[in-house]
Amino acid sequence: MAASDLDHAFAMLRAAATGLPSIEESTSYGTPALKVKGKLLARVKDADTLVLHCPVEDKAVLIAAAPKIFFETPHYHGYALVLAHVKTISAKELKHRIELAWRANAPKKLLAALDAERQ
């Protein structure tokens, strides 16, 4: 897998996280990742796949609603993570998913600050 392919996938994540405070660029399982205060929001699994934070109770509905975008492998069953195809997820959908992940993991002070800024 070429580094440029991973760079493209990570650039998508970076762009989706634009405007969210305290985003940290890091790694997870040896691949580029985004975190907030040390908590994983998303990572690049490989050049074709993103791993996105997603509440377990929402995952099945998300996969059923958009199976060309979202999926799961047995390894991720039971975890608050969903897989997404790099080539089929739109920038708008990815931004929405990253913000939901951020809201689920960010400290309350950061949430309040962002919401106040957006009013």
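Here, each number is a calculation from the coordinates, and none is a lab measurement. These numbers were taken from a predicted model, which means no experiment stands behind them. Heads up, the Cβs are rebuilt from the backbone with ideal geometry, glycines too, and the neighbour counts pull from every protein chain shown.
Simple spin-label model, 7 Å along Cα-to-Cβ: ARG118 to GLU25 in nm?
About 2.4 nm separates the two model spin labels.
What is the spread of the Cα atoms of segment 8-66 along each of their three principal axes, largest first, in whole Å?
Largest first, segment 8-66 extends 30, 24, 21 Å along its Cα principal axes.
Under a crude label model (7 Å from the Cα following the beta-carbon direction), how far is ALA11 from TYR79 in nanometres?
For the pair ALA11/TYR79, the computed spacing is 2.7 nm.
How high is the relative contact order of segment 3-114, in percent, counting Cα pairs under 8 Å that sit 6 or more residues apart? Mind dumping the intermediate values first?
Working: 170 pairs, mean separation 30.8, N = 112.
The value is 28 percent.
Can you pull out the trypsin sites (Lys or Arg not before Pro) in segment 78-119 whose DSSP state is coil and whose Cβ has at most 15 other Cβ atoms within 10 Å? Mind dumping the intermediate values first?
Details: sites: LYS87, LYS92, LYS95, ARG97, ARG103, LYS108, LYS109, ARG118; in loops: LYS87.
Answer in residue order: LYS87.
Mind counting lysine pairs for me in the chain? Cα separation below 16 Å, and the two need to be 8 or more apart along the chain or on different chains.
Taking the chain as the scope, the lysine pair count is 12.
Specify the residue with the greatest mean-square fluctuation among PRO74, PRO21, PRO55, computed from a Gaussian network of the chain linking alpha-carbon atoms under 10 Å apart.
PRO74
Quickly rank 6-13, 47-54, 79-86 as a protection proxy: mean count of other C-beta atoms within 10 Å, highest first.
Details: 6-13: 17.4, 47-54: 21.4, 79-86: 19.1.
Most protected by this proxy first, the peptides run 47-54, 79-86, 6-13.
Which value, in debye to the nearest 20, describes the size of the charge dipole of the chain about its Cα centre when Lys and Arg Cβ atoms bear +1, Asp and Glu Cβ atoms bear -1, and nothing else is charged?
Working: 16 positive and 13 negative charges, 60 e Å.
Rounded to the nearest 20 debye, it is 280 debye.
What residue among GLU99, GLU25, GLU57 has the largest mean-square fluctuation in a Gaussian network model of the chain, using Cα springs under 10 Å?
Maximum among the listed residues: GLU57.
Just report the Cα centroid separation between segment 1-33 and segment 89-111, whole Å.
14 Å
With the Cα gyration tensor of segment 50-110 giving a ≥ b ≥ c as the square roots of its eigenvalues, does the rule (a/c under 1.5 for rounded; else a/b larger than b/c for prolate; else oblate) give rounded, prolate or oblate? Please list the in-between numbers first.
Details: a/c = 2.12, a/b = 1.32, b/c = 1.61.
The shape class here is oblate.
What do the square roots of 5 times the Cα gyration tensor eigenvalues come to for segment 3-114, in whole Å, largest first, as semi-axes of the equivalent ellipsoid?
Values: eigenvalues 80, 57, 34 Å².
Each semi-axis is √(5λ); the values are 20, 17, 13 Å.
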